[in-house]
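In what follows, a structure is listed as structure tokens, so that the remarks can point back to it.
The values are calculated or read from the model by the stated rules, or taken from the named source; none is laboratory data. Quick caveat: nothing in here was measured; it's all calculated off a predicted structure. Every residue, glycine as well, gets a Cβ built from its backbone with ideal geometry; the counts of neighbours run over all protein chains shown. Heavy atoms of the whole protein, side chains included, go into the accessibility calculation; ligands, DNA and RNA do not. Shrake-Rupley method; radii C 1.70, N 1.55, O 1.52, S 1.80 Å.
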Amino acid sequence: MSVMRLGYVHVRVTDLDDASRHYEKTLGLQAMGQQGPCRYFKGWDEFDHHSVVIEEGGVGLVKLGMKVSSSDDLARFEANLARFGVTTERMAAGESHKVGEGLRVFLPTGQTLELYTDMEYVGNELGTFNPHAVIRDPRGLTVPRLDHMLIAGEDPALTERMFTECLDFHVSERLITDIESNDLVATWLFAGQTSHDIALIKGEQGKLHHFAFWLEDWQSILRAGDVFAYDDTPVDYGPTRHGITRGTTVYFFDPAGNRNEVFTGSYRCYADTPTITWTMDTFPRALSALQREVNESFLTVFT
Ligand SMILES: [Fe+2]
């Protein structure tokens, strides 16, 4: 394993206090302080300093980070990406708050990916010595951790090749237009053993569709809907079960309009797990195995 996980998502928000209420009170993330225009948050079962960064001013993705096992992997990735023709630059420790040195990758789909090996260790909320199983007092959705994200761009096939050929990712599922043309609409990629760490969809260059947080089970997904009702959180879609990834889900928006998701279920992946293919004629079932309906905003709202 070389890329271990999606480490952080950094987004713009129109109002820091409104967004902080959403991420801290509704989702139940732990507030990790402010540095300049940015506030930092983590899930209760995450060990590094932060997994979500919000920055005052607008909406949409600033960058994403993925944690890599070793500096040898970083050097290998840097050489692979140069051969592939993707622009990168080295980043010094501290350029991103609490993050060590790394490699900044300018994805063909237009987003900025930071690969890093170290972030300040703060520990989870249970500790690592004779720990309890859960935190004592639930807060909001009691989100344990960040899980994955979906980004858009004009050429998802090229970025898919970049992730698989340069960064050792594998493809769990692909959505194509039809068998004859085989044009890629979207792809789900994993580096660890979850169904996806990142997914790519054909669309406007450099955009964010959503980033997702893990929840423990289906009951927690249903309870998320109840909390959204209390907090007037705008729900986009769900709760339902996806055909793609078999995950159970609710999509919703933060106060700035960035789409979030809570997600659980799905299946375990290995390097030899075969890729599942879907065609667009089955898209309603691929999106929602239960309702088999596609809502307009899910396909049109990107930030
Ligand atoms: Fe998702």
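Things worth noting here:
- Counting only protein heavy atoms and a 1.4 Å probe, the range 11-54 has 36 square angstrom of accessible area per residue.
- Net charge contributed by nearby residues that have their C-beta within less than 11 Å of Leu215 (K/R +1, D/E -1): -2
- If you look at the Cα atoms of the chain, you get an Rg and a Dmax of 18.3, 57 Å.
- The residues packed around Thr159, meaning those with a beta-carbon under 12 Å from its beta-carbon, carry a net charge of -2 if Lys and Arg are +1 and Asp and Glu are -1.
- Rounded FRET efficiency, nearest 0.05, which uses the C-beta distance separating Leu290 from Thr112 and R0 of 51 Å: 0.90
- For the range 104-208, radius of gyration divided by Kirkwood radius, i.e. Rg to Rh on alpha-carbons: 1.09
- Pair Tyr230, Phe84: separation of 7 Å Cα→Cβ label points (nm): 4.3 nm
- Packing-based ranking of 155-162, 123-130 yields 155-162, 123-130, ordered from highest to lowest mean Cβ neighbour count within 10 Å.
- Förster-model FRET efficiency, 25 Å R0, Lys63 and Glu165, C-beta, rounded to 0.05: 0.70
- Kirkwood hydrodynamic radius (C-alpha pairs) into Stokes-Einstein, the range 3-116, 4 °C and 1.567 mPa s, D in µm²/s: 87 µm²/s
- Portion, in percent, of the accessible area of the range 145-300 that falls on carbon or sulfur, probe 1.4 Å: 49 percent
- Net +/- balance of residues flanking Thr303 in space, Cβ distance below 11 Å, scoring K and R +1, D and E -1: +1
- With all protein chains kept in place, the per residue accessible area of the range 177-267 amounts to 39 square angstrom at a probe of 1.4 angstrom.
- Placing R0 at 22 angstrom, the Cβ-Cβ distance between Asp45 and Arg268 gives a FRET efficiency of 0.75 after rounding to 0.05.
- Solvent-accessible area of the range 3-116 (1.4 angstrom probe, protein heavy atoms only): carbon and sulfur portion equals 45 percent.
- Per-residue SASA entry for Glu165, accessible area with 1.4 Å probe, Å² rounded to 10: 100 Å²
- Overall dimensions of the range 145-300, expressed as equivalent-ellipsoid semi-axes from the Cα gyration tensor (√(5λ), whole Å, largest first), are 25, 17, 16.
- Per-residue ellipticity at 222 nm computed for the chain from its helices equals -5000 deg cm²/dmol, with DSSP H segments shorter than 4 residues left out and the rest contributing -39,500 (n - 2.57).
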